[in-house]
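Working notes, beginning with the structure itself.
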Amino acid sequence: MEREEQRKICLQLRMLAEGRHPLTGEELPLTGAFADAAVLRTLTQASHCLRDLLEQDRPAPAPRPKRERRGKFCITSYQLSGILPLPEAAGITAFVSAIEEQMGKDCGRLSPTAITKGLEDRGFLLTRTKDDGRKQKVPTKEGVDLGIYMEERHGYRGDYEAVLYTPKAQLYILKHLADLVPGTVMEENDIPF
């Protein structure tokens, strides 16, 4: 619907709320629904809501594209040996995206959550409950020694702490992926032909 059409509807709602016919402007008889103050109040609120939305300069955000469904991530030891860590520290999602990009879509989707769970099981991360009740992964002393650290970030929802993985930590993940996420690394003789 175009913006001009939306403005026209807003005006028509306001006219109805004032007890006037939306097309002719004539006063409507105060009978039926128009005799009910709650109905008129609802029409007034609806016209104000629509007016406020129209006055905003930014358009509504576009819907997020759905993630493509792919199978379970599988890679051979040989393929894994050819993947390089990123040159700078990165979050786990960015690192996993880089792995998937290097391998292509045929390898399936690698779960960042599965990697962080594997790191938590090995004592490099732990789950902390924040003051607002939300849970957050934080590096342990062993995790910091490995190259996992927290960094304050600023996003559109406010400040937050991000867990970042240095190239050293990324290399550890690559070398131990079979242990961190069991079933992802196949031996060459397990590859179906």
Response to the item:
The Rg/Rh figure for the range 3-55, Cα atoms and Kirkwood Rh, to two decimals is 1.00
Worksheet entry | Only Lys, Arg (+1) and Asp, Glu (-1) charged, at Cβ; the chain dipole about Cα centre in debye | 240 debye
Worksheet, complete the sentence: Hydrodynamic calc, the chain: Kirkwood Rh from Cα pairs, then Stokes-Einstein at 37 °C with viscosity 0.692 mPa s, so D in µm² s⁻¹ is 151 µm²/s
Worksheet item: With contacts defined as alpha carbon pairs under 8 Å and 6 or more residues apart, what's the relative contact order of the chain in percent?
Response: 19 percent
Worksheet entry | Share antiparallel - DSSP beta bridges, the range 75-188, percent rounded to 5 | 90 percent
Worksheet item: Using Cα pairs under 8 angstrom and six or more residues apart, how large is the relative contact order of the range 111-193, in percent?
Response: 23 percent
Worksheet item: So for the range 75-188, taking the charge dipole from beta-carbon charges (+1 Lys/Arg, -1 Asp/Glu), which of LEU125, GLN136, THR93 sits furthest toward the positive end?
Response: GLN136
Discussion item. If you average the C-alpha positions of the range 5-57 and of the range 93-131 separately, how far apart do those two centres end up, in angstrom?
Written reply: 52 Å
Response to the item:
Relative contact order as a percentage, the range 1-43, C-alpha pairs under 8 Å and 6+ apart, gives 31 percent
Practice prompt. Sort the following peptides by mean Cβ neighbour count (other Cβ atoms within 10 Å, averaged over residues), highest first: 150-163, 78-91.
Written response: 78-91, 150-163
Discussion item. My understanding is that a pair violates if its Cα-Cα distance is over 22 Å; which of LYS72/LYS130; LYS141/LYS175; LYS72/LYS141 do that in this structure?
Written reply: LYS72/LYS130; LYS72/LYS141
Practice prompt. Would you mind telling me which residue in GLY108, GLY147, GLY19 has the biggest mean-square fluctuation in a Gaussian network model of the chain, where springs connect alpha carbons within a distance under 10 angstrom?
Written response: GLY19
Fill in: Positive-end residue, the range 3-55 charge dipole about Cα centroid, Cβ charges, pick of HIS21, LEU43, LEU54
LEU54
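Readers should treat all values here as calculations from the given coordinates under stated rules, not as data from a laboratory. Quantities reported herein were computed from a predicted structural model and do not represent experimental measurements. Backbone-built Cβ (ideal geometry, glycine too); neighbour counts: all protein chains shown.
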